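Okay, so here's the structure we're looking at.
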Amino acid sequence: MNVVIQEEKTGCGIASVANIVNSTYADVKKKANSIGIFAEDKALYSDTGYVRELLTEYNVETSSKELPFISWDNLPDLALLSIKYHEEDGVAFWHWVVFKRINGSPVVFDSASYLDENKRLDFDVMEPKWYIEVAKK
């Protein structure tokens with residue numbers, strides 16, 4: 001399974017949805033635009049509502065709230081993770097990645113275009129702050 005790479009600086013949410021629903025970036029972006037979600041919107045960095053709404057369009061359920069990251073072993077089999085969490089002028093920002101267990105083995109799908117390897121196993125350096133559980137219907 002290939003990792004979908006984000007095509008815009010703020011496109012990690014769109015790419016993460018594409019990685020969850022096994023679609024292309026272009027198709028998910030088209031769906032997002034049709035419901036008023038645009039990668040150029042800086043709110044994508046600091047609001048979970050956009051990605052939840054987009055996943056709902058694909059009949060994918062998410063947990064109703066963000067759950068604190070405790071350990072990699074405590075994560076569900078499929079989750080959106082916030083990494084690179086920081087605050088600017090009191091506003092939270094992060095980078096979306098997708099955590100999956102594939103045949104029992106954990107992997108993180110990171111859509112960042114600058115990475116040499118987008119299927120990440122370097123769990124000790126990612127430092128997630130919280131996650132959203134994802135369940136396909």
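In this model, which of K84/K119; K9/K136; K31/K136 are farther than 24 Å apart at the alpha-carbon? Provide the component values of the computation, followed by the final result.
On the way: K84/K119 17 Å; K9/K136 27 Å; K31/K136 18 Å.
Those over the limit are K9/K136.
Given an 8 Å cut-off on Cα distances and at least 6 residues of separation, report the relative contact order of the range 12-136 as a percent. If you can, show how the numbers build up before the last one.
Numbers: 187 pairs, mean separation 36.6, N = 125.
Reported relative contact order: 29 percent.
Would you compute, from DSSP H runs of 4+ residues alone, the mean residue ellipticity of the chain at 222 nm, taking -39500 (n - 2.57) per run and dividing by the full residue count, rounded to the nearest 500?
Values: 4 runs with 33 residues, N = 137.
Rounded to the nearest 500, the figure is -6500 deg cm²/dmol.
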Running a GNM on the chain with Cα contacts under 10 Å, which residue among E53, E88, E61 ends up with the highest mean-square fluctuation?
E88
In whole Hz, with x marking every Gly and Pro, tabulate ³J(HN,Hα) for the range 58-69 from phi via Karplus 6.51 cos²θ - 1.76 cosθ + 1.60, θ = phi - 60°.
9, 6, 10, 8, 10, 4, 6, 9, 6, 10, x, 6
How big is the Kirkwood radius of the range 12-136, worked out from every pair of different alpha carbons and given in Å to one decimal?
14.7 Å
Ordering of 103-110, 12-19 by burial proxy (mean other Cβ atoms within 10 Å per residue, highest first):
12-19, 103-110
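A short reminder: the numbers here are calculations on the coordinates, not readings from a lab. Everything quoted here is computed from the prediction, not taken from an experiment. All Cβ positions, glycine included, derive from the backbone under ideal geometry; neighbour counts span all protein chains shown.
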